[in-house]
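**Student:** Dropping the structure in here first, questions after.
Readers should treat all values here as calculations from the given coordinates under stated rules, not as data from a laboratory. These figures come from a predicted structure and were not determined experimentally. Glycine also receives a Cβ, built like all others from the backbone with ideal geometry; neighbour counts cover every protein chain displayed.
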Amino acid sequence: MEQIKFRPIKNRVLAKQIKEIKNNKTASGILLGYEEEQEIITNDLNVLRVGSEVTDVKENDKVLFDGKGTVITLFEEQYILTTEQNIIGVYEK
């Protein structure tokens, strides 16, 4: 996991949004109607850092969030800053 030199305060969570690449070929090799691979943005996050008041989520958790949050740029990378209340659940490992 990335080591970010940023610590959110109180009930905030810093996370990286998980993006999936959709291939333009089927499993049998048939080309679909578009030329390029498409990047699909999901509501899944990888939690990188948590604030001091966060109780139910920890660093390195994969979570589902409701889409409410702020996109911020740190060190030329985009991250999501959201609150613990906006996290719907944690994926079990």
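**Student:** Can you pull out every residue in region 52-85 that is surrounded by 16 or more Cβ atoms within 10 Å (Cβ to Cβ) and not acidic (Asp, Glu)? Spell out the reasoning first.
**Tutor:** Of all residues in region 52-85, those surrounded by 16 or more Cβ atoms within 10 Å (Cβ to Cβ) come to 54, 57, 61, 63, 65, 69, 79-84.
Those that are surrounded by 16 or more Cβ atoms within 10 Å (Cβ to Cβ) and not acidic (Asp, Glu): VAL54, VAL57, VAL63, PHE65, GLY69, TYR79, ILE80, LEU81, THR82, THR83.
**Student:** Name the pairs: first residue in region 43-59 and farther than 9 Å from LEU14 by Cβ, second residue surrounded by fewer than 15 Cβ atoms within 10 Å (Cβ to Cβ) and acidic (Asp, Glu), Cβ to Cβ under 7 Å, at least 6 apart or on different chains?
**Tutor:** none
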